[in-house]
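Working notes, beginning with the structure itself.
The values are calculated or read from the model by the stated rules, or taken from the named source; none is laboratory data. Quick caveat: nothing in here was measured; it's all calculated off a predicted structure. No Cβ is skipped: glycine too gets one built from the backbone with ideal geometry, and neighbour counts run over all protein chains shown.
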Amino acid sequence: MRNFSVRYHDGRLSVAHDAMLTLMPDHWLIHYVDPSEELLSVRWEIAPIVTDESFTGLFIFRYGDFPQQTIECRETELPVALKERYPEKVFFRKKVTGIFRQSNATIIGLAVLLIALLAAAYWFLLPVAAEAVAATIPRSVEAKLGDAMYGSMITGYEVDEEMTTRANAFVKAIDFKTAYPIRITVVKEDDVNAFALPGGNIIVFDKIVTSMKTKEEFAALLAHEVAHVHYRHSLRNIFRNLGGLLFISLLLNDINGIVTVLADNSNMLANLTYSRALETEADQKAMAVLQSDGISLKGFVDLFNLLKGAHGDAGSLKLLSTHPLTEERLDLAKAKAREQVGIKDQSELQRRWEEIVIAGKK
Amino acid sequence: MEPHYNESRQLTFHGEGAKLFGIYIVNILLTLVTLGLYYPWAKAAMLKYLYEESELEGSRFTFHGTGKEMFIGFIKAIGIFLGIYCILLLAILSKNVTIMSLGLLVFYGALLVLIPIAIHGALRYRTSRSSWRGIHFGYRGDRKEFVNMFIVGSLISIFTLGIYSFWFIIELRKYIFKNLRFGSLTFSYEGDGKAFFWLNVKGYFLSLITLGIYSFWYFKDLFAYYVDNIRMYQGEQQLVFRSTATAGGYFRLIAGNLLIILLTLGLGTPWAIVRAIRFVFSNMIIDGPLDVNAISQTEEDYTDATGEDLADMIDIGLV
Ligand SMILES: [Zn+2]
């Protein structure tokens, strides 16, 4: 018979008795010498014994009604002895949480797994989730968000009223096949850039307009930006980026960060780089629109060439940093332009374009 | 003259960052996988470990709350919070100024009532589930009395622009310690609102003037004011708690923990927790005669864990 040294607490007084535990066939016998040197023994029936979940090398068992008696044991052989002696009762349940009692290698492995999971969630899961959220946002909220961003951004620019009016007239002559109300604002800025805000506002820098030779180039640029609005690319981009911030803020337990970023960074958020997939999608939609309106697709080829050329000498070209231009985009535009049939007369559009050009020279 | 004690005791903490890290990592993984539902079990595991590594007079403390008990409380707490947030949201969506201000009033009113209920519940549950040598801790405060006291104190604090809050905090501590039990041992808190107020005024302005350098002395003073005013009674015998924390010690703790957490992106939190507990235990001395074998069981059984989780949601930390 095997004895184990334990500490026994009777549940009534805070005396820690150094006791002996003997595993009898149908009960536990706990015997100890009490302070008055009297030998005492306590009997625990097997069935009501409760094992405390323990996270150290200490085994704790409880017995009886409140106030419960307890014994604590540090002997590592105890679990095996209990299993042999009382095969019908489970003293130590195997639990998932038991993992951390494993080796250091397991723990380090788990830590690496956790980091990998977090990284995977950040890079793959989060963008998808954020875009899914963006897709569920009602159009009215999207418009509000876009207006708020527009309001905070436009104060940083000088609006060219004349060109803005003319450009909006130009827009009216093209059917962009979208339910979003498209509003153009031309601003005086010495840079080649244009960007679309959620909800239909498009800001165009005057330098890009004055660099253009034909109405088709401008139509191509607008059709491309409108496609970004139509497919909510800008909103999705913002959510994708804010999603990461939200995630990090949650990790670091800092919610204020998100609010501050939203307020301060509408400029940055509107200038987020579109992915190649989004660019291609926008190009395809834009070409389909111009095609069905009977406008020459050569505008795309000229626009891309203009951007390529300007990139060579100007250096600072924001449009290319947000809408990455690739050889594939140029090739696609060339191929589509070559195949195109059914170009219609565009004298009305030409008239409106010339008005823009005149306004741009003022 | 300072009373002289021949007997001094200290709590010792044997926990290790690496072991706690093991529990922490499993907790995070399971909480993520279960979309947060594992949280009560995670918390129970942490508490069990921390208690088991805390020792007094050769015996370890035990926390015998279970994830299951806390889960029920967790669900109730989530329900209550969803309820009051829904009211707030509906009020805001109504776009009617009267309804909106009414909704805000209900929201803050509910919070004002929920905070003391949460503190009370958490104290009741946590103490009833903590024991040492089989003797349970306990909290005998009355919920209604505590809620009344809390609401009145909060309102006076608001109307005095926060000045009364120092007296209020001391009142709360006095009430809580008066009702705290460790078997037959009782407690009291001897702090004084005025002294606490001036301590804070001095600490705040000196920290401002010294560009924050004094704040470590300020924190040290706050810790000392908390600890030094705790009394424990065994029958007629009085025991006094004493802080030995220094500003330098505080600086090492705070700076070290900040570095650990930042450099590991939060994964080092278990080491920071262990350092913090070590700091508190090693800087708290209990002076006076105590018969550690004569503490008798006095408290009754208690199982409602709602307060524990409510307190978590309002972010109230309990030791
Ligand atoms: Zn683009």
Given the conditions (1) over 29 Å from the mean Cα position of the chain (by Cα); (2) more than 21 Å from B:K68 (Cβ to Cβ); (3) at pLDDT 80 or above; (4) not acidic (D, E), report the number of the one that A:A120 does not fulfil.
(1)
Of all the residues that make up segment A:52-73, how many are of a type outside the set (F, W, Y) and within 16 Å of B:Y49 (Cβ to Cβ)?
8
Output the residues belonging to segment A:17-51 that are surrounded by fewer than 18 Cβ atoms within 10 Å (Cβ to Cβ) and in contact with a Lys or Arg (Cβ under 7 Å, 6 or more places away or on another chain).
A:D18, A:H27, A:L29, A:I46, A:V50
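Select, from B:G58, B:G79, B:G83, the only residue that is surrounded by fewer than 16 Cβ atoms within 10 Å (Cβ to Cβ) and at positive phi. Working first, answer last.
Values: B:G79 fails: at positive phi; B:G83 fails: at positive phi.
Exactly one residue qualifies, and that residue is B:G58.
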With the condition being within 14 Å of another protein chain (Cβ to nearest Cβ), I'd like the helices (runs of 4 or more DSSP H) fully within segment B:34-133 carrying at least 2 qualifying residues.
B:39-52, B:67-94
Qualifying residues in segment B:1-33 (those that are hydrophobic (A, V, I, L, M, F, W, C) and not in a helix (DSSP H, G or I)) - the one farthest from B:R133 (Cα to Cα):
B:M1
Checked against (1) in contact (Cβ under 8 Å) with a residue 40 or more places away in the chain; (2) surrounded by fewer than 17 Cβ atoms within 10 Å (Cβ to Cβ); (3) more than 21 Å from the chain's Cα centre (by Cα), B:T244 satisfies every condition except (3)
Could you tell me which residue of segment B:134-173 is nearest to A:H9 (Cα to Cα), considering only residues that are touching a helix residue (DSSP H, G or I) at 6+ places or on another chain (Cβ under 7 Å) and in a loop (DSSP other than H, G, I, E, B)?
B:G141
Just give me the residues in segment B:236-267 being in contact with a Leu (Cβ under 9 Å, 6 or more places away or on another chain) and within 14 Å of another protein chain (Cβ to nearest Cβ), in sequence order.
B:I261, B:L265, B:G266, B:L267
Which numbered condition in (1) of a type outside the set (V, I, T); (2) within 11 Å of chain B (Cβ to nearest Cβ); (3) touching a helix residue (DSSP H, G or I) at 6+ places or on another chain (Cβ under 8 Å) is the only one that A:Q68 fails?
(3)
Per the filter on segment A:1-26, residues among the small types (G, A, S), facing chain B (nearest Cβ under 10 Å) and in contact with a His (Cβ under 7 Å, 6 or more places away or on another chain) are A:A16
Taking segment A:201-238 only, how many residues are closer than 22 Å to A:S296 by Cβ, outside any helix (DSSP H, G or I) and more than 15 Å from the ligand (Cβ to nearest atom)?
3
Please go through segment B:269-288 and give me each residue that is outside any helix (DSSP H, G or I) and either surrounded by 19 or more Cβ atoms within 10 Å (Cβ to Cβ) or charged (D, E, K, R) (or both), ordered by number.
B:N283, B:M284, B:I286, B:D287, B:G288
